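Step one of this worksheet: look at the structure below.
The values are calculated or read from the model by the stated rules, or taken from the named source; none is laboratory data. All values reported here derive from a predicted model rather than from experimental measurement. Methodologically, a virtual Cβ is constructed for each residue, glycine included, from the backbone with ideal geometry; neighbour enumeration extends over all protein chains shown. Calculation scope for accessible area: heavy atoms of the full protein, side chains included, ligands and nucleic acids excluded. Shrake-Rupley method; radii C 1.70, N 1.55, O 1.52, S 1.80 Å.
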Amino acid sequence: MEAKGWADEQLKAMVLQAIAHHALGEKDKAVKVLSDALALAEPGGFIRIFVDEGLPMAHLLSEAAAQGSMPDYIGKLLAVFQAEEQMSKGKSFLLAAQTLIEPLSPRELEVLQLIAQGLSNNEISKRLFLALDTVKGHNRKIYDKLQVQRRTEAVARAHELGLL
């Protein structure tokens, strides 16, 4: 049990050392230390020890993969990074939607996306088969819900909230 604890601590130290080398611009040293850490970690299937280090580790793993180091294991780790990134995007979208007093309807989101693409009210009405007055009504509701005055502000606010 004690030996296993020592191996875990050694692995943590190697991971941090690899990130430190990378941050200092010592990419070759960083990849070497990371490769040694991966060789130590793979039999135990360690994942969190790498993923919890965040974006710097993802970049370092990508560099190690580009050099052909342990492609299967690195592929697994990078897949976990990607899955967590997708989940966090989903969470930020939910948080953004919850910050609105009244969330945008699916149709309002559709109109907002077309506004963001630079379409005029007339073009939006033709694209969505809506009367021009209906599009203008959607615009007013979007502006009210986002608490803005004009199209450009609506697009900027929607980006801030993760709606676009």
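Of GLY68, GLY54, HIS22, which is farthest towards the positive pole of the chain's charge dipole, taken about the Cα centre with +1 and -1 on the beta-carbons of Lys, Arg and Asp, Glu respectively? My answer, from the dipole projection, is GLY54. Diagonalising the gyration tensor over the Cα atoms of the chain and scaling each eigenvalue by 5 before taking the square root yields semi-axes of 49, 16, 13 Å, largest first. Solvent exposure of the chain, expressed per residue, is 62 Å² of accessible area, with all protein chains present and a 1.4 angstrom probe.
By a 1.4 Å probe calculation restricted to protein chains, ASP8 has an accessible surface near 40 Å², given to the nearest 10.
Please report the carbon-and-sulfur percent of the accessible area for the chain; probe 1.4 Å, protein heavy atoms only, DNA, RNA and ligands left out. Looking at the chain in its full context, I get 58 percent from C and S. Against the main long axis of the alpha-carbon atoms of the chain, helix 106-116 sits at an angle near 80°. Helix 2-23 and the long axis of the chain differ in direction by around 60°, with both axes built from C-alpha atoms.
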